[in-house]
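Below is one structure, written out as structure tokens, with a few remarks after it.
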Amino acid sequence: MYWRVRTQKTLERLEREARRMLQLEADLSHFAEQYYAHVGAYAERLATLESMLVVQESPEVTPRTMHEVQHQREMVHARQSELKTRYRSLAKEIHPDRAMAVNGTGTHAAHMQSLNEAYAQGDLSAMLRLEAEMLLARDLNGGESLEVQLREIERAADTYAAGYRQLLNSPLNELMLRQLSAQLAGWNWVDAVVQRVQRAIEQSERALVAANIAAIGDWRISAQAA
């Protein structure tokens, strides 16, 4: 009884922590995609100009911020790849003949049905729980082997919990919260960022022109003095 209760709680925590982190990660990826679509081109132009001038960077479009935005956009494809890889691995472990597993009865069929449902819904957290269930099913009666496996799953849950906290405290999440807060107030924060960056681009372009004119003037003075 003890081992079954502990196993159930461990599996529930793994799925809960994974789902929480993966949901926030998906939300941030969606925001990053929208943010880059609106701000990306302007940020690249401003970065080019700022590399030619000694000016203060806008915090919303610093190279570090835009790098994080780009990284978060790429996480969507990384998670999709992970989902496919885990699906193929688990399906092979359940039964090499997937059709037999789906159409049959018993544990293999139930696992295959759960796996197919998780894959169809893109539910990586449910797939992680199924993988853990399959790992633990061999030693449900307890013992040292089950204890080791439970601790391994608990460490995985800890990793997802830490990942959630890291995302929660990330600069990108701060930007997303600003956008959500602005939406509740009835305005679009990303549009405001675009306008600020556009003004910064105009100012930098004027400053660059002035710097070039000054450089030409200095060159002429030097040439005449020579």
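Which whole number in µm²/s is D for the chain by Stokes-Einstein, with the Kirkwood Rh taken over Cα pairs at 4 °C and 1.567 mPa s? Stokes-Einstein gives a translational diffusion coefficient of 60 µm²/s. As I understand it, the dipole of the chain uses +1 on the Cβ of Lys and Arg and -1 on the Cβ of Asp and Glu, about the Cα centre. Which of 203, 148, 7 lies farthest toward its positive end? Ranked along the dipole, the leading option is 7.
Please order 67, 95, 111 by the number of other Cβ within 10 Å, starting at the fewest.
Values: 67 10, 95 16, 111 21.
Ascending Cβ contact count within 10 Å gives the list 67, 95, 111.
Can you give the angle from 0 to 90° between the axis of helix 2-52 and the longest principal axis of the chain, with both taken from C-alpha atoms, to the nearest 10? In the chain, helix 2-52 runs at an angle near 20 degrees to the longest axis.
Between helix 144-168 and the chain there is an angle of about 20 degrees, using the helix long axis and the longest principal axis of the Cα atoms. Give the angle, between 0 and 90 degrees and rounded to the nearest 10, that separates the Cα long axis of helix 171-185 from the longest principal axis of the Cα atoms of the chain. Approximately 80 degrees, to the nearest ten. Determine, from the Cβ-Cβ distance of residue 47 and residue 165 and an R0 of 35 Å, the FRET efficiency 1/(1 + (r/R0)^6), rounded to the nearest 0.05. Between residue 47 and residue 165 the formula returns 0.70. Remark: relative contact order (the chain) = 36 percent; criterion is Cα-Cα distance under 8 angstrom and separation of 6 or more residues.
Suppose R0 equals 35 Å. What FRET efficiency, 1/(1 + (r/R0)^6) with r the Cβ-Cβ distance, do residue 30 and residue 206 give to the nearest 0.05?
After rounding, the FRET efficiency stands at 0.45.
The magnitude of the dipole of the chain, with charges of +1 and -1 set on the Cβ of Lys/Arg and Asp/Glu and taken from the Cα centre, is near 180 debye.
Bear in mind these aren't lab numbers, they're just calculated from the coordinates by the rules spelled out. Since the model is a prediction, treat every value here as computed from it, not as a measurement. No Cβ is skipped: glycine too gets one built from the backbone with ideal geometry, and neighbour counts run over all protein chains shown.
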